[in-house]
1. So how do Cys124, Cys260 line up by other beta-carbon neighbours within 10 Å, fewest first?
2. Excluding Cys124 itself, what net charge comes from residues whose Cβ is under 14 Å from its Cβ, given Lys and Arg +1 and Asp and Glu -1?
3. Within the stretch 37-122, which chymotrypsin sites (Phe, Trp or Tyr not before Pro) sit in a loop by DSSP and count at most 16 neighbouring Cβ atoms inside 10 Å?
4. Could you grab the Rg to Rh ratio for the stretch 79-187? Cα atoms only, Kirkwood for Rh.
5. Taking amide H positions as placed in the peptide plane 1.01 Å from N, state which residues far from Ile207 in sequence (5 or more) or on other chains have amide H under 5 Å from it.
6. Could you run the Karplus curve 6.51 cos²θ - 1.76 cosθ + 1.60 with θ = phi - 60° over the stretch 43-56 and give me ³J(HN,Hα) per residue in whole Hz, x for Gly and Pro?
7. Once you place label points 7 Å from the Cα toward the Cβ at Ala123 and Ala27, how far apart are they in nm?
8. How many angstrom separate the Cα center of the stretch 29-103 from the Cα center of the stretch 184-217?
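Derivation of every value follows stated rules applied to the coordinates shown; laboratory data play no part. Just so it is clear, the model here is predicted, and its values are computed rather than measured. Quick reminder, even Gly has a Cβ in these numbers, built from the backbone with ideal geometry, and neighbours come from all protein chains shown.
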Amino acid sequence: MQASGAFGSKGNLWHSTAREQVTADSADALPSAVDLLIIGGGFTGLSAALEAARMGAKVALLEAQEIGHGGSGRNVGLVNAGLWLPPQEIIKTLGLKTGEALIDTLGAAPARVFDLIARENIACEATRNGTLHLAHNAAGLNDLKTRHRQGNQYGAPLQLLDAEETAARTGSPNFAGALFDPRAGTIQPLTYARGLARAAQAAGAQIFAPFIVEDLTYQGRAWVARAAGREITAQSALIATNAYHMTGFSSYRPSFIPVCYSQFATTPLPHPCERNS
Ligand SMILES: Cc1cc2nc3c(=O)[nH]c(=O)nc-3n(C[C@H](O)[C@H](O)[C@H](O)COP(=O)(O)OP(=O)(O)OC[C@H]3O[C@@H](n4cnc5c(N)ncnc54)[C@H](O)[C@@H]3O)c2cc1C
């Protein structure tokens, strides 16, 4: 997320307000062999590090920049309960078994995230008030109606709000309606990423940053990674570099389409009662 200099030297609001700090492990402690090597310190790599370390694996995570440098430290902070698509479209694309498994997994995701935040005591401003998906016209409302009907069929506790109720909740009369998902919520994403790192370290994982993995190859019976002139051998390797992937591993080269995106933050708005007084 890019913002003005008022939000701190990194131009990212989340940097200015993050309550968790990460102390990376010293480069001297880099092991020569691990059970699981993780490349990338975002939600994917950090969650995997935490879970694997809790299960007793010897884990090393290497992040090229700083924890949360990628999408995990720049996103909107919505903890969503699914893709913003009608379930039947997901099933049409993925097939019944995989589609239903994805719908169930994503539906359960907010509970899992909020439980983890509570368990690990991560101070990431977790708020679970649900989210509103807003329809700006009649076609948008039809889309929400389809998602509401199909979502309910698949057990999602979605509520369709009319224009009046939407206006009461948003303060704007310009919406045709909204879909309320009570399972969802929000977090401060950079703090969440840093909290995951802290929890993974407490569970025994080692976290190294900044540390760029320059190469990763499968040699015989194990993965061998090269970073800062050192080699690490790993039984398993997880590439969790997302669109921020740096350096061309011979075995992995992602492709992506750039999409422009903006988000804005204001100083906290007054409560409606204060506004009207
Ligand atoms: C603008 C925006 C808004 C979004 N809003 C939401 C939202 O509200 N809710 C939601 O659920 N999702 C949202 N997302 C998606 C979400 O942010 C991502 O899906 C998620 O952060 C991906 O996490 P990740 O761990 O897979 O990757 P990332 O967080 O991108 O982490 C990848 C990491 O890999 C590191 N890396 C790359 N190459 C190497 C290397 N060679 N060696 C070592 N490390 C390396 C990078 O430095 C980076 O830190 C949003 C995304 C964007 C861009």
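1. Cys260, Cys124
2. +1
3. Trp84
4. Using only Cα positions, Rg/Rh for the stretch 79-187 is 1.02.
5. Under 5 Å from the amide H of Ile207 lie the amide H atoms of Asp25, Leu61, each far enough along the sequence or on another chain.
6. 4, 5, x, 5, 5, 5, 4, 4, 5, 5, 5, 5, 8, x
7. With each label point 7 Å from Cα toward Cβ, the separation is 3.1 nm.
8. Here the answer is 11 Å between Cα centres.
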